[in-house]
Amino acid sequence: METEPPSSVKRPKTKDELKLEQLEKDMKSPNWFTRNFAKFRTREFQKKMTWYYVGSYAVFLFLGYKYMKGVYNKDKELDKLWAKLDKGEKLTLYEELRMKKLTGHARYRDEKKLEEYEKLKKQGVVGFEDMAVEVKGENASNEKILPPRDTTPFYDGKAEDYDSDIDWEEKMVFMGRRRKWLMKHCRGDVLEVSCGTGRNIKFMTMDHVKSITFLDSSKNMLEIANTKFREHFPLYKNAAFVVGRAEDLVELAGGSQPEITVSDVDKQIVDVTEHSSGIKYDTIIEAFGLCSHEDPVKALKNFATLLKPGGRIVLLEHGRGEYGFINDVLDNRAEKRLETWGCRWNLDIGEILDDSGLEVTEEKRTHLGTTWCIVAKKKEDKKRKEEMSFVEKYISPGIQKKIEEMKQEELQKQTAAAAAAKSDAEPKK
């Protein structure tokens, strides 16, 4: 009996062999995408990728080192400037600009000044103690920023349609949240400048408000604001509505102009020249008014003049943004905006604040930097604890001393108030 030869047994292919077979097949594929994608799976390419990863990591370490070295040098420079201030020494103009730059508060004009100082340093000039570099700011040098004008006639004519025309635009950008932020700062005797048709009134609470005065140069706009206020707060009597310009605010408050007018519950417009004399305010607010003033810097200086010690100026404004392409849009549409809304929306608000002499304690910007939320004070007034930066609170020894002084002053006030209350409570003989 013949035996059959044993049949050959095929060895199953391993996973690696199958992958290699598929790779060779893909490399010969007529499909361009499949053929090129297969190159990334070859061993030659993977070896190159290893070196690529190593090189990338080395570049990452180098750039990280450069960045951290820059941060370290900036911190050292900032520490020296703080130490100089703590000793009571005055910073040079160059050092003031460097501090602004290092703390992230340098504006367009500050950057331009620093560029000029750096040019002088390259030329071998040292010691800038008595050297002031002058450069033109954005508001003075930009031809797309239109000349100021008196906008009162425009708003008198726009008053009736203003709310319906602007409402959709503000809803699109959720401006109500910003107006609410503005109104929550109202404390004590409050002045709202450029109140317009009273678009902030519905966001207002009177819990901390002792009195409120509304000012606008447009009588027609002011009458609408008056109507809104009476609808929202029909029983509140300590409110005044004054027709006047922010540039004339000091004269108005001094009672030097008999045409000052104010509304009360019984009369829409009555003369209150005597009522206005010598008035000062705990809080002065303004929403989208600087862009419509003929002289916004003078307006802010007037605010400071009428501010009580420790008072605050709170602004909600629109102006130049944080990005060049946004500013190009603002510049190109500046003339159309002025014709439609009567405002110059491409002003550099930061530059106006610097020129006013006010000290900014809070600055937030939204809508790509075009909406400015500002809290400011007079420079001679002390900062509140919640307004101090981390460095001011916890790092600088000189500031720590000031905080302790503030605590002592507050304690003395509380002690005096408690003593006065106890004296009033005791029966008089």
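Assorted remarks:
- Taking label points 7 Å from Cα along the Cα-to-Cβ direction, Lys308 and Glu387 give a separation of 1.5 nm.
- Only beta bridges with both residues in the chain are counted; by DSSP, about 40 percent of them are antiparallel.
- With viscosity 1.567 mPa s and temperature 4 °C, the Kirkwood radius over alpha carbon pairs of the range 45-160 converts through Stokes-Einstein to a diffusion coefficient of 68 µm²/s.
- Element breakdown for the chain at a 1.4 angstrom probe: carbon and sulfur atoms account for 55% of the accessible area.
- Over all distinct Cα-Cα pairs of the range 197-248, the Kirkwood formula returns a hydrodynamic radius of 11.5 Å.
- Charge tally in the Cβ shell below 11 Å around Asp26, where Lys, Arg are +1 and Asp, Glu are -1, Asp26 excluded: +4
- Acute angle (nearest 10 degrees) that the helix 296-305 long axis makes with the longest principal axis of the chain, alpha-carbon atoms: 60 degrees
- When the Gaussian network model of the chain links Cα atoms closer than 10 Å, the mean-square fluctuations of Val135, Val297, Val314 top out at Val135.
- At R0 = 22 Å, FRET efficiency that the Cβ-Cβ distance of His185 and Lys280 yields, to 0.05: 0.85
- Too-long pairs where the Cα-Cα distance tops 25 Å, listed order kept, from Lys122/Lys144; Lys308/Lys413; Lys171/Lys379: Lys122/Lys144; Lys171/Lys379
- Partners of Lys15 within straight-line reach, counting lysines whose Cα lies under 24 Å from its Cα and excluding those fewer than 8 residues away in the same chain: Lys25, Lys28, Lys39, Lys47, Lys48.
- Per-pair calculated FRET efficiency, R0 = 51 Å: Asn73 and Thr42 via Cβ, rounded to 0.05: 0.65
- Normalised by the number of residues in the range 47-140, the average gap of Cα pairs under 8 Å and 6 or more apart makes the relative contact order 24 percent.
- Binned Cα-Cα distance frequencies in the chain - 20 Å width, integer %: 19, 40, 22, 11, 5, 2, 0, 0
- Choice from Val360, Val71, Val190 with maximal GNM fluctuation in the chain (Cα, 10 Å cutoff): Val71
- Listed residue (Asn346, Met175, Tyr117) projecting farthest to the positive dipole end of the chain, Cβ model: Tyr117
- By the rule of a second cysteine Cβ within less than 4.7 angstrom, the chain holds isolated cysteines at Cys186, Cys195, Cys373.
- Long pairs among Lys69/Lys364; Lys74/Lys378; Lys76/Lys383; Lys202/Lys237; Lys301/Lys382; Lys298/Lys382, criterion Cα-Cα beyond 27 Å: Lys69/Lys364; Lys74/Lys378
- Counting only aspartates and glutamates at least 8 places from Lys210 when in the same chain, those with an alpha carbon closer than 14 Å to its own are Asp189, Glu192, Asp282.
The values are calculated or read from the model by the stated rules, or taken from the named source; none is laboratory data. Keep in mind it's a predicted model, so treat the numbers as computed, not measured. Backbone-built Cβ (ideal geometry, glycine too); neighbour counts: all protein chains shown. Please note that ligands, DNA and RNA were not included when accessible areas were found on the heavy atoms of the full protein model with its side chains. Shrake-Rupley method; radii C 1.70, N 1.55, O 1.52, S 1.80 Å.
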